[in-house]
Structures are given as C-alpha cells and as structure tokens.
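Worksheet: the structure to be examined is printed underneath.
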Amino acid sequence: MKRKLNINPLESESIYIFREVVAQFEKPVLLFSGGKDSITLVRLAQKAFYPAKIPFPLLHIDTGHNFPETIEFRDKLAKELGLELIVRQVQDNIDQGKVKEETGRYASRNMLQTETLLDAIEEYGFDACIGGARRDEEKARAKERIFSVRDDFGQWDEKNQRPEVFDMLNGKIELGQNVRVFPISNWTELDVWQYIKTEDIEIPSIYFAHERKTFIRDGMIWTANDVVVFREESEAVTTRQVRFRTVGDMSCTAAVISGATTIAKVVEEIQASTISERGARIDDKRSEGAMEQRKKQGYF
Amino acid sequence: MQVLKIATAGSVDDGKSTLIGRLLYDTKSLTDDKLEAIEKSSQKKGYDYLDFSMATDGLMAEREQGITIDVAHIYWATKNKSYIIADTPGHIEYTRNMVTGASTSQMAIILVDARHGVVEQTKRHFYINALLRIKDVVVAINKMDLVDYSEDKYEEIKAEILKISKSNAYQNQKLTFIPLSALKGDNVVDFSDKMPWYKGETLLSHLESIEVGAVFEKSQARFPVQTVIRPKSEKFHDYRGYAGKLYGGALAVGDKVTVLPSGTSSTIEKIQFYNQTYDIANAGDSIAISLTDDVNVSRGDMIVKYNELPNTSKTVEATICWMDQTPLDLTSKYILQHGVHQVLAKVTALKSLVKPDLSMEEKAIENLKINQIGQVSFKLNQAIYSDNYADNKQNGAFVLIDVKTNTTAGVGFIG
C-alpha cells in the first residue's frame, strides 16, 4: 500500500509561509502569546522545519495582566521544544515612566504592549515578526496582507499595501523597516480548533470549562482578580463554570459559561455559537475602528 | 473540508459588498454581535434596511465613504464547504486589487447592475478573468428589483455578455447567469417568487455544486526549492531535505528527476512531511524531498521529472498588469520574482497595450501606467524555469519588484 500524502491546504499554505520567512529574513521571531493561535503557529513551524529545530526564538510581551495558566504553559512549551524564549515586561516601561497606565473602570494594558513590542524589535533587530492574527477575526484584520510591511515606527499604512498575487511573497524591506507575517491569515476560528483537535495539540487549561471566581459587567463575565481587574463594590463575585474562547489580558478578556471539558466539546460549542470570538474582547469594542487604530500604531 | 476561493468583481455601487453580506446573512453566518454592529451603523446612517456592506468594508475610510478600497477576505462555511471570498474594489484605478483577488481564486462572481447593463468596466472584468483563466464565472445580474424583475432586461444583458465573452482568448470558461437582488435577497440563497421565469439555480446552490481544486489537474510536477533543511543534530546528521511546495502534478519516491539550473540527474529517495515519510505527494503539498545523490541544490532551484522539463530561458514574454503609481520604466532594472526565485529583469520591448475597451493599441508605447495591461518582453540576468500560464498557473506567473521602493509593482502572465 502506497502512502499517499494529502495535506490540508491551509496547513500547507502556512508551512510554505514559514519557509519563506526563514529564507527571506535575517532575524525572524515568533510573537507568542500563549493563546491557541500562537500555539498553532508553533506546531506549524515544527512541521515546516522538521527534523531541524524551529530556527527562530519566541517573543512574549508580558503585560503583567496575563492569566497565570498561560504563563506557565508558555514556559513549559519553550522548554520542551528547546526554544529560546524572550520575555519583555510592560511593567518595565511603566516603571521607567515611558508609558502611562490607564485608570478607571475599563483600564487595560492592551495598548501599552505596542511600545514594549517596538522596543524589543529594535533591541534585537528583528526584521520579521510572525503573529497568529487571522483575517476572519476582525474587520481591519480582514484587509491584512500575509507579509505586512511596517515602518521604523511600526506603523501600518493600510491604504498603501503591497499587492500579494498568487502565493508569491515579497519580503524586500529597507533597513529599519520590519515585516509582520501572518501564516494563518486564511484560517477561521473553527479551522484552528479543528486543527488542535486533529493534531492533539496541548493548550492552556483556561480554554476548558473550569470553576472561576467571576463578576458580571455589561452582560459579560470577568475574572475577579482585584490586583489586575478593576471591580466596583457593587459588582458581586460568584463562582461560575466558565471557559475562555480567546486569551488576552484578564482585564480585557471575558469568559463564557461552558461545560466543555474536552477539545471535542469545545469544537462542538464553537460550531453552535452565535457570537464571534472577539465578541468577548472589550479592547475591540472601544470604537468601530479600534483595531485599525491600534494596528496603525504598531499593534500585532 | 474543501475550501472554495471566490473573487468578486463589479463597478462601484453594483452591490458586491451587499451581495456578500446577504450571503452571510441568509446562510446565518453572521454572528449576533456582528449583526448588532450592522444594525447599529445602518440606523446611524438613517437606512430603513440593513446595510450588509458594513459586514465587509473594514477600513474606517471605507465605512465613511461607503466604498471598498482594499481587498477584504471573508470566510464562511456551509455543511459542505468552506468559502473564502475576496471582496475586490470596483473602481477602475483599483484593477490591481481585482487581479490580486482573482489570482488566488478558483471562480469569480461578476456583478452587473440590471439598470445599466454592460458598462466599460464589465468588459474589463471579463478580460481579467479570462487573462487569469478563471474557469467558473457567475454573472450576477443584480438590482433586478429596480427593473421590475424584467425577464427582457435579463435576456438583453445576457446576450450582450455572451457576445463579449466570444471575443475572449480563453474559451473554456463556464458562464452561469443568475438574476438577483442582493438587497432584497432574491435568488441569493432563497428562490425569488418575483422571477418565476427564471429556472436556474440560486447563487448559493450554484456555489455548493462547484467542485473544488481543479486548478492543478493536468499540469506537470514543478518543485521550486524554498530552503534546504539540514538539522546538523546527532540523530539526523546526514539529513538533507529540500523544502518546497509542489506546483502541479505529483511526485513519487523513485521518480527520476532533473535539478535546474545545473541539469543534474538524480532520483527521489524520500518525501518527508513532519515526522512521517510518504510515497507520493500531490500538487499544493508543502514537503521536503531527499535525493539519492549528493547534489548541489539551493533556494530558487527547481526539481522536475527528467522527462517533463519546463522552459529554461533568459528571456520572457508576458502579459503585464501594472500595479504601481510609478509607471513601468523601460530603462531600469526590476527584480523578477518567479515563485521563490528572484532574478534581475530589463524590458526589451513593450509591444502593445490593452485599452479599457479591450481593443489592442499596437503603436509604440512609452510606458505602462497603473492598471494598464500590456505585452512586454524582458531579458533576465539568470534563466528562470517556467511554463506558459495556460499550462501551469503557479509556474507561469511572476511579479516585478521595484528595486528603489521594494514594492510589488506588476504581475506577469507568461505566454
């Protein structure tokens, strides 16, 4: 019996993109958040270069507001795969007075990550930053290229993007510019979950149903962690069975009520869902163009 | 799951974004929060209907002006298939976006406003779809509600389009005509009771019936090498894998191959994908190949079957679609990127220009401006290993990169 290969076209496209990155750039880095999308990227990178090791480091911009489960997972994964893990703290920039922390009810460190990221890119001289953004996530991301050129300030010039025809990727840049690379641009949320299921990829525990102390605000469920999440006295804390569909900061990622304790059940839940993934992200709800604004300033 | 990639084309205000929004809405692909956002902004604009274009126009400037500026990719799925739709802008100055969208698509939907019928741009849309050899084209005759759902009007437009397509170079194109109203939802997902004279399919049932993946079918195997994998670890000390994506055909262990440009012969020893090896790989597969002989292979080289050689040449003739504000300069060098292979190119002749009405202008042309299409000859500093676009899409196309700005300035179709 002949072993006939039949690769999922999305997976094949992503592997092709990873190989182009390594061939076209001097110092690539994978922006690793500990979320399902960046975990999927790591698996795809393994596949792209097997049996060699992934030929670039992971970079995590730690806001200090991350879920502890994500941080633990991040460290474990890097260790298991023998990858270099670079962590930069948003807190350092706050301490040095370089950025000012938001205050009040919806305070979040989401915007502050940009500055820390740009500093790290400059410090290491990274010329390609690989991220797990997908076009189906958000309307500004739907316009993103696979190789997206950023200037010295990390800015995205959305009205003047290089055309990408067929699968030819043009990574030519000038000194000081860098390229953001999105290998899973064409995947949907469901594609990612199905891939995690088929490949049996380990993900942080917060993606599965668990008991958590939470409170309700604006109809959404927030983690009750008074160190990093602002909560008013009147907002009562209750233990609920929840899981997270997307993993950002505790201060901007809401949970969903769920009984899904296995990956198969998570996939079922996503298939039946009537709310989009980023519907649980308060950082996108600030205004109609919230993501576009952030992207122009150098956000992921 | 099968993924069907679709490009859309239409003039400004033909209702492309509305049609896509309607498809999403009627197939229940819009989530509650997205629907809520559409309701909100429709109300804000004072519309008494849902403005579905809001589902796809992602940039702030697009929402303000109510137009699509840049290609957006929209994802949705039915039980049978996943769909990716490239929503491409209709303005004449944005022809480049249409080429971009169509380059990765298997089929296209061309919108025609029933009130205006065939306009100059419609002809251009047909020309580009023929140039890119898009096999399945749906002609969506939209806004039928504004012409009283008139069968005569529909037949009149259909006849005119059939006349245009007869003059196209690509005669294997399959045209499907559907009268619809994206705004009202007639014949998009659900059959319209307003057009009992129409006996064909709805747009969705037609999309569902299309077979995915006919792109590579008959082409020969082309394996451009992206990078060489050398682990240099103890366990894989002697491993050397040529990593790349197979363009066309199939490759199997034991196949006798030729490596270009060296012309060295060897045999495929191993086809690796992650931690497994396979006997056969097919078009579209990203794999790593090992050869039985220790040959010199590096990025940009191409592995092919010894009896299926491509054209190896230091000159190339192609139809060029120019995409940059700075016109094609006959005196400067460009980087020609053919797949993953980059060489230097210089124009030797600019032969003819395709005018917006598709007639050919044969007189001497000085340059090629943005959105213009012309026949161009180049000489190259190194040979490329190519096929005619008609025989192998992936291996028959290239881009031109401006060496001063690094931008992708043009796309070429060989042959």
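Here's the yes/no breakdown for (1) aliphatic (A, V, I, L, M); (2) surrounded by 20 or more Cβ atoms within 10 Å (Cβ to Cβ); (3) more than 14 Å from chain B (Cβ to nearest Cβ):
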{"residue": "A:ILE86", "(1), (2), (3)": "yes, no, yes"}
{"residue": "A:LYS98", "(1), (2), (3)": "no, no, yes"}
{"residue": "A:SER108", "(1), (2), (3)": "no, yes, yes"}
{"residue": "A:THR116", "(1), (2), (3)": "no, yes, yes"}
{"residue": "A:GLU122", "(1), (2), (3)": "no, no, yes"}
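Yes or no: B:SER332 polar (S, T, N, Q), over 26 Å from B:LEU246 (Cα atoms) and either touching a residue at least 24 places away in the same chain (Cβ under 8 Å) or assigned to a strand (DSSP E or B) (or both)?
Working: polar (S, T, N, Q): yes; over 26 Å from B:LEU246 (Cα atoms): yes; either touching a residue at least 24 places away in the same chain (Cβ under 8 Å) or assigned to a strand (DSSP E or B) (or both): yes.
Yes, satisfied.
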Cross-chain or 6+ apart pairs with Cβ under 7 Å, region B:232-244 first and within 8 Å of another protein chain (Cβ to nearest Cβ) and without any contact (Cβ under 8 Å) to a residue 12 or more places away in the chain, then surrounded by 15 or more Cβ atoms within 10 Å (Cβ to Cβ) and part of a loop (DSSP other than H, G, I, E, B): B:PHE236/A:PRO51
Count - residues of region B:2-47 that are touching a Lys or Arg at 6+ places or on another chain (Cβ under 7 Å) and within 17 Å of B:TRP76 (Cβ to Cβ): 3
Qualifying residue in region A:172-192 (condition: more than 11 Å from every other protein chain (Cβ to nearest Cβ), assigned to a helix (DSSP H, G or I), among the polar types (S, T, N, Q) and buried (at least 24 other Cβ atoms within 10 Å of the Cβ)): no
The one condition in (1) in contact with a strand residue (DSSP E or B) (Cβ under 9 Å, 6 or more places away or on another chain); (2) over 19 Å from A:TYR195 (Cα atoms); (3) surrounded by 14 or more Cβ atoms within 10 Å (Cβ to Cβ) that A:THR238 fails to fulfil: (3)
Some residue of region A:83-106 being out of contact with any helix residue (DSSP H, G or I) (no Cβ under 8 Å at 6 or more places or on another chain), within 30 Å of B:ASN371 (Cβ to Cβ) and not in a loop (DSSP other than H, G, I, E, B): no
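Output the number of residues of region B:270-312 satisfying the condition of being part of a strand (DSSP E or B), farther than 16 Å from B:GLN226 by Cα and hydrophobic (A, V, I, L, M, F, W, C).
Keep residues of region B:270-312 that are part of a strand (DSSP E or B), which gives B:270-273, B:276-278, B:280-282, B:286-291, B:302-305, B:311-312.
Filter again for farther than 16 Å from B:GLN226 by Cα, leaving B:270, B:276-278, B:280-282, B:305, B:311-312.
From what's left, hydrophobic (A, V, I, L, M, F, W, C): B:280-281.
The total comes to 2.
Just checking, how many residues over region A:2-57 are among the aliphatic types (A, V, I, L, M), more than 9 Å from chain B (Cβ to nearest Cβ) and out of contact with any Pro (no Cβ under 9 Å at 6 or more places or on another chain)?
Applying the first criterion (among the aliphatic types (A, V, I, L, M)) to region A:2-57 yields A:5, A:7, A:10, A:15, A:17, A:21-23, A:29-31, A:39, A:41-42, A:44-45, A:48, A:52, A:54.
With the extra rule that they be more than 9 Å from chain B (Cβ to nearest Cβ), the set shrinks to A:17, A:21, A:29-31, A:39, A:41-42, A:44-45, A:54.
Restricting the remaining residues to those that are out of contact with any Pro (no Cβ under 9 Å at 6 or more places or on another chain) gives A:31, A:42, A:54.
Final tally of qualifying residues: 3.
Would you point out the residue of region B:253-278, among those that are under 22 Å from A:LEU10 (Cα atoms) and surrounded by fewer than 16 Cβ atoms within 10 Å (Cβ to Cβ), that is nearest to the other protein chains (Cβ to nearest Cβ)? Steps first, please.
The first filter runs over region B:253-278 and keeps only residues under 22 Å from A:LEU10 (Cα atoms), leaving B:271-278.
Keeping just the survivors that are surrounded by fewer than 16 Cβ atoms within 10 Å (Cβ to Cβ) gives B:275-276.
On the way: B:ASN275: 6, B:GLN276: 8 Å.
For region B:253-278, the residue satisfying everything is B:ASN275.
Filter region B:163-186 down to residues that are over 30 Å from B:ASP26 (Cα atoms), of a type outside the set (Lys, Arg) and not in a loop (DSSP other than H, G, I, E, B), then give me how many there are.
Quick first cut of region B:163-186, residues over 30 Å from B:ASP26 (Cα atoms) only: B:163-172.
Those still in the list that are of a type outside the set (Lys, Arg) too: B:164-165, B:167-172.
Applying the additional criterion that residues be not in a loop (DSSP other than H, G, I, E, B) yields B:164-165.
Within region B:163-186, residues that are over 30 Å from B:ASP26 (Cα atoms), of a type outside the set (Lys, Arg) and not in a loop (DSSP other than H, G, I, E, B) number 2.
Kindly indicate which of A:PHE166, A:PHE182 is of a type in the set (Phe, Trp, Tyr), assigned by TED's automatic domain parsing to the domain that holds A:ARG74 and free of Cβ contacts under 8 Å to residues at least 40 places away in the same chain.
On the way: A:PHE182 fails: free of Cβ contacts under 8 Å to residues at least 40 places away in the same chain.
Only one candidate passes the filter, namely A:PHE166.
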Which numbered condition B:ILE210 fails, given (1) within 30 Å of B:ILE287 (Cβ to Cβ); (2) over 24 Å from the mean Cα position of the chain (by Cα); (3) of a type in the set (A, V, I, L, M): (2)
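Quick one: which of A:ILE17, A:ILE86 is at pLDDT 95 or above, farther than 29 Å from A:MET168 by Cβ and β-branched (Val, Ile, Thr)?
Details: A:ILE17 fails: farther than 29 Å from A:MET168 by Cβ.
Just a single option satisfies the conditions, and that option is A:ILE86.
The values are calculated or read from the model by the stated rules, or taken from the named source; none is laboratory data. Just so you know, these numbers come straight off a predicted model, no measurement behind them. Ideal geometry is used to build each Cβ from the backbone, glycine not excepted, and the neighbour counts take in all protein chains shown.
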